[in-house]
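**Q** Okay, here's the structure, questions in a sec.
The values are calculated or read from the model by the stated rules, or taken from the named source; none is laboratory data. Since we're looking at a predicted model, the values are computed, not measured. Note that we place each Cβ from the backbone using ideal geometry, even for glycine, and neighbour counts take in every protein chain shown.
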Amino acid sequence: MGRTLAILAALLLAAPAWAAESFPTRPVRIVVPYAPGGNVDISARIIAPPLGEVLGQIIVVDNRPGAGGNLGASLVAKATPDGYTLLVGSSGPLSVNPVIFKSLPYDSLKDFAPISTVQAVPLVMLASPKSGYNSVADVITAAKARQGKLTMASAGIGTTNHFAIELFAHMANVKLLHVPYKGSGPALSELLGGQVETMVDQLAASIGHIRDGRLKVLAVTTPQRSPVLPQVPTLDELGYKGYHAATLLGLLAPAATPKPVVAKLNAAVRKVMDQAAVAERFRGLGASPGASSPEEFSARIRGELQQWQTLVKQVNLKFD
């Protein structure tokens with residue numbers, strides 16, 4: 001009897017290794033928690049074909065928009081933890097929504113097994129050509145002179161863009177008039193028309209307008225300059241030490257996914273992100289591509305979440 005139990009125990013311990021060795025034996029689904037066409041969806045469709053080649057299976061991209069990314073994230077959190085249902089997770093459902101929603105159908109730190117980062121999109125501070133602002137210093141001077149009337153647009157309340165504006169105002173000790181829109185598109189249109197003076201936006205959304213000279217870019221929000229805009233200073237360089245805001249994106253599986261399966265998926269993502277053609281496509285979007293270990297990705301999610309939780313308390317943001 002004892003020998004039988006020992007054999008069964010050994011078989012149970014070996015099961016995850018067997019699962020990883022044979023994985024995947026059928027198509028893998030990548031859930032995009034947003035509608036087609038945005039940064040997260042485009043990123044999923046860039047990595048899906050080469051990831052399928054590495055894994056030897058078809059990768060199906062499944063758009064499940066709703067509730068600011070919460071619907072798709074919840075679907076994956078509750079999926080069978082076998083590696084066949086993955087999430088393209090971005091800062092929205094992972095580190096922003098847990099701050100702005102009173103309750104979520106998932107826990108971003110406990111209900112997922114991070115696999116690897118894929119890319120990060122810097123944010124940029126932009127100015128309308130009609131504003132007359134040519135630098136961050138110009139914006140600060142005008143903001144202090146106008147007592148909270150200088151307009152700065154974002155893609156919406158509770159977005160990374162919004163949090164980046166609040167962080168800047170807090171660190172610069174100025175009052176700004178935040179103007180939220182329903183997405184980057186409408187905000188950029190108003191900025192181009194001069195209806196709002198400045199904006200913080202994802203570089204991926206605004207890079208075309210920057211390249212054709214229709215918008216002025218004043219600063220980048222990441223600690224390092226963007227390779228796409230090497231001439232543009234960071235806010236950290238300009239004296240706002242430690243300023244950091246970006247949209248992080250990566251692949252995650254349900255929390256109980258066997259570690260050998262996560263490790264196999266991580267190795268596959270690394271091979272994909274090492275491909276020059278893949279990296280170049282991301283850079284063309286204004287993104288900074290790069291794979292990571294599951295532990296590094298987990299730490300970045302946790303760090304972002306803590307940063308925004310602290311900011312919301314410091315500036316007393318309300319989302320009712």
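**Q** Looking at (1) in contact (Cβ under 8 Å) with a residue 12 or more places away in the chain; (2) not assigned by TED's automatic domain parsing to the domain that holds I207, which is the only condition S128 fails?
**A** Result: S128 passes all but (2).
**Q** Would you mind listing the strands (runs of 3 or more DSSP E) fully within region 24-101 where at least 3 residues are surrounded by 18 or more Cβ atoms within 10 Å (Cβ to Cβ) and in contact with a strand residue (DSSP E or B) (Cβ under 6 Å, 6 or more places away or on another chain)?
**A** Passing ranges, in order: 28-32, 85-90.
**Q** Does V312 satisfy being buried (at least 18 other Cβ atoms within 10 Å of the Cβ) and in contact (Cβ under 8 Å) with a residue 24 or more places away in the chain?
**A** no
**Q** Further, regarding this structure: Can you tell me which residue within region 231-249, out of those that are closer than 26 Å to S95 by Cα and β-branched (V, I, T), is modelled with the lowest pLDDT?
**A** Applying the filter and picking the extreme gives T247.
**Q** Okay, moving on. Pull up region 116-151, narrow it to residues that are among the small types (G, A, S) and part of a helix (DSSP H, G or I), then point me to the one that is farthest from P289 (Cα to Cα).
**A** Selected residue: A145.
**Q** Follow-up. Taking into account only those residues within region 231-260 that are hydroxyl-bearing (S, T, Y) and assigned to a strand (DSSP E or B), which is farthest from the chain's Cα centre (by Cα)?
**A** T234
**Q** Could you list all residues from region 216-230 that are modelled with pLDDT of 95 or more and either of a type outside the set (K, R) or under 22 Å from the mean Cα position of the chain (by Cα) (or both)?
**A** Result: V217, L218, A219, V220, T221.
**Q** Among the strands (runs of 3 or more DSSP E) lying completely within region 152-221, list those that include at least 3 residues that are surrounded by fewer than 21 Cβ atoms within 10 Å (Cβ to Cβ).
**A** Strands (runs of 3 or more DSSP E) meeting the threshold: 177-180.
**Q** Something else about it: Would you check if G156 is free of Cβ contacts under 8 Å to residues at least 40 places away in the same chain, within 30 Å of R64 (Cβ to Cβ), in contact with a Pro (Cβ under 6 Å, 6 or more places away or on another chain) and of a type outside the set (V, I, T)?
**A** Yes, satisfied.
**Q** For region 272-281, indicate whether the set of residues that are buried (at least 23 other Cβ atoms within 10 Å of the Cβ) and part of a strand (DSSP E or B) is non-empty.
**A** No, that holds for no residue.
**Q** Pairs, please: C-beta under 9 Å, at least 6 apart or cross-chain, first residue of a type outside the set (A, V, I, L, M) and in region 260-279, second surrounded by fewer than 21 Cβ atoms within 10 Å (Cβ to Cβ) and modelled with pLDDT under 95?
**A** That search, which allows pairs on different chains as well, returns P260/P16; P260/A17; P260/W18; P260/A19; P260/A20; P260/E21; K264/A20; K264/E21.
**Q** Turning to a different aspect of this structure: Looking only at region 132-153, which residues are β-branched (V, I, T) and touching a residue at least 40 places away in the same chain (Cβ under 8 Å)?
**A** V136, V139, T151
**Q** I'd like to verify a number: residues in region 213-224 that are within 25 Å of L150 (Cβ to Cβ) and without any contact (Cβ under 8 Å) to a residue 40 or more places away in the chain, how many?
**A** Summing the residues that are within 25 Å of L150 (Cβ to Cβ) and without any contact (Cβ under 8 Å) to a residue 40 or more places away in the chain in region 213-224 gives 1.
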